[in-house]
Structures are given as C-alpha cells and as structure tokens.
Ligand code: AMP
C-alpha cells in the first residue's frame, strides 16, 4: 500500500510512524521552502514545482493508492487534477470549505448545526453593522490563513472597534459573537469509503493564547448525552460531505442554550467552533490512550481497512511542548510517552507533546500539573 501525504509537518510524521508497522510506504508532496525536518528518513520527498503536469506528479509520487493531506493550506486545484489518477481523501471540496471560516460556518449551519452567531465583513462599515447585531464582546477572525489565535482581534468595546487598523477592516473576515462557554471539547471522528463511522470519546481542551496546551480524555464528567450530541453532529457533517478519513470538530460547551434560543433548557449544548479535515492536535492522546490512534485510523479509513477500536483504554492526558527544547524535558512519570517532532526551536513553536495515562481524574490532574511545572518552569 502506498500513501502520498501533502505536507511535511508533525502530522505527516506521526501518520508515517503509525503506518510503517502496517507496511504502508509514504511519499510527501512539498513545496520549495517547506521544512522537511519532521519527515526526515520517513520516505521520499517530491517537490510540487518540479511536476506541472498532474500525471507526471502522480508518477513521481510513486503511483500511490491514495493521496491525503496533513494541513488545509494546500493547492486544491492540484488535488482535483490528481483525482483523475487515484482517490484523494478527504475530498478537496471539503478542504476548501474548512479552510475558509465564512464558507465553513455557512456550510455547518446548512446541516442544521449551531455555530457562534457571526457576520461576514470586509470593511469598517460591515464591522460596525455586524457589532450592532451581534453585540460586545466579539471576535474578528480572518476567513483564511488564521490559525492558533493568529489573525484574530478581540473587540470588547466600541473603542476597540474604532482602534482597528484600516488594513485589518478590509480583510475578508467573520465577526463572531463571544461564546460564554463552560469548556471546550473536541470530537475526533473517522469514516471510511464504505460509510462506516467511529468516534473517539470527547476530549476537553485547554488553550493558552489561542493555542492548545492540554487535553484530557475522555473529558471529565462526560455524560452519554453530551457524547451522543457530539456524535449526532459528527454523523451529520461526515455524511453530508461523504467524508473519508479523520475529521476533527472543535466545540464550545454552553450552558443549556442553543445560539438561536432565548432561554436555557438546562442541558449542555454544543456549538461548533471549527472543523479540521485531518488528524488534529486534540487527538494526540489517542496514541497512548487507545488501541488505534487517530493516525492509525485515518490510514485505515483512507486505505479501505476496517476502522480500529476507538474506545479509551484509560484516562488520558496530553501536554503540548510549545517553544521548549525537547532534550532537557524530563518525563515526570513512567506512564508517560514523549513525542518530538524533530523541528528547530522557535518561540511558541509546537516542538512535541507528552501523552500520559492515569487511573483517576485526580491522578491525571496531578500529573498534568507536575508536567506543566517541569516543562514551563516560568509558568
Ligand atoms: P480558533 O482559532 O477559532 O480555534 O480560536 C482559538 C481559541 O480562541 C478557541 O479555542 C477559544 O478558546 C477562543 N475563541 C475563539 N472563538 C471564540 C468565540 N467566538 N468565543 C469565545 N472564545 C473563542
């Protein structure tokens, strides 16, 4: 089995590390200037620019059985041309939807699923009109190119809005109402071409400055009702897009109120923040916490193998190593697993992560606290 991955980051690396034992061969489609460190020695690299012709590119990629991606920012026209030769999962049309916040939100709404109240904007006038409807506080987010809190401006007051740079106002953006969430959770969903679907238990995620810092899974106090609500949404989104592979869905959990409802019904309600049409940082815990990790199941799904078990074997946690050197990072407990991405150090950069398991949520919290203290001694 041969898989070509578009991209050469840590997600491509972990896909390959999971696929090698199953005998899968990997090649990577990259562009000049892409960092190749994470996939060093894990398969041949092919430069997009060297093969303007799609068939020649397919041959250079080793005539793969399937092509997949590890990021949204890819040339989807190129992928559509490659579809003449082999399947591309997920479908490039879904990649186009997910990488544009405006298209993504309207598509999710069309499936009857809630997102935060929003308006599309492209001028200061648009922003002011949107604020009148949505109110304060709000967040302005660029439709494309933003990630991990970049390309976002929090607007708490009319003064904040007035202080927005003219260049920022002119960007294609969504103005989003601030969701008063109880917590953030995410669902890692898997679907294969036959339409078989499996879900991992929801993970609870904590962000720092817009970037994921820790996950706990299954999310503490996860009720069957909340899991079911998430899976119903997952089913709708997977089926509507005829999705193949892993799809990650990030949610806000709100206090019993749908975005279109005045009154709370007293139950937790899920509002979609965003989707990622790929394996996701908030699913890294599955590498230690499950029989089949998200990487393994993504590969199983796109190569037509049966989807593996997605149950949590133990209570799991994950700590992201952001802008810290992997070497001096000491593991706190024997039940921890270190992943380094082989990247050169830069402030805030995702350098690796630690997965851990525990027998109780109290023990998990202790471990997370001790690990965070060791990794981030400055706090
Ligand atoms: P995003 O890049 O959209 O995933 O945003 C990064 C993080 O910012 C989220 O995980 C939340 O913690 C926070 N955030 C984004 N949008 C909102 C919102 N509408 N209301 C409250 N918090 C938000």
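Return the single residue from 317, 145, 283 with maximal mean-square fluctuation; model: Gaussian network over the chain, springs between Cα atoms under 10 Å.
Top of the fluctuation ranking is 145.
Give me the distance in nm between label points sitting 7 Å out from Cα along the Cα-to-Cβ direction at residue 376 and residue 50, one decimal.
A separation of 4.1 nm, rounded to one decimal place.
Listed highest first by mean packing, meaning other Cβ atoms within 10 Å per residue, what order do 290-303, 75-88, 55-68 come in?
Ranked from most to least packed, the peptides come out as 290-303, 55-68, 75-88.
Rounded to two decimals, what ratio of Rg to Rh does the chain give with C-alpha atoms and a Kirkwood Rh?
My calculation puts Rg/Rh at 0.96.
Grab the beta carbon distance between residue 366 and residue 73, set R0 = 41 Å, and tell me the FRET efficiency rounded to 0.05.
After rounding to 0.05, the efficiency reads 0.60.
So what is the diffusion coefficient of segment 162-264 in µm² per second by Stokes-Einstein at 20 °C and 1.002 mPa s, using a Kirkwood Rh over Cα pairs?
Diffusion coefficient, whole number: 135 µm²/s.
In percent, what relative contact order does the chain have, based on Cα pairs under 8 Å that are 6 or more apart in sequence? Please list the in-between numbers first.
On the way: 804 pairs, mean separation 53.1, N = 379.
The normalised contact order for the chain reaches 14 percent.
For the pair residue 110/residue 334, report the inter-label distance in nm, with labels modelled 7 Å from Cα in the Cβ direction.
Computed distance between label sites residue 110 and residue 334 equals 5.5 nm.
Given the options 321, 305, 356, state which has the largest fluctuation in a GNM of the chain using a 10 Å cut-off (strictly under) for Cα springs.
305
Using a basic spin-label model with each label point 7 Å from the Cα along Cα→Cβ, how many nm lie between residue 59 and residue 255?
Simple spin-label model gives 6.5 nm for this pair.
Which value, in Å to one decimal place, does the Kirkwood hydrodynamic radius take for segment 2-88 when every pair of different Cα atoms is included?
Roughly 12.7 Å, rounded to one decimal.
Between residue 80 and residue 167, what is 0.36 nm times their sequence separation minus the Cα-Cα distance? Round to one decimal in nm.
Stretched fully, the residue 80-residue 167 segment lengthens by 28.0 nm.
Between segment 218-232 and segment 128-177, how many Å separate their Cα centres?
So the two Cα centres are separated by 31 Å.
Over the chain, with a Gaussian network built from C-alpha contacts below 10 Å, which listed residue (71, 182, 350) shows the highest mean-square fluctuation?
182
If N is the number of residues in segment 183-375, what value comes out of its Cα radius of gyration divided by 2.2 N^0.38 Å?
Working it through for segment 183-375, the quotient is 1.04.
What number, rounded to the nearest 500 deg cm²/dmol, is the helix-based mean residue ellipticity at 222 nm of the chain, given -39500 (n - 2.57) per DSSP H run of at least four residues and division by all its residues?
Dividing the helical sum by the residues of the chain leaves -8000 deg cm²/dmol.
Since every read-out is calculated from the coordinates, none of them should be taken as a lab result. The structure displayed is predicted, hence computed values, not measured ones. As a convention, Cβ positions derive from the backbone with ideal geometry for all residues, glycine included, and neighbour counts pool all protein chains shown.
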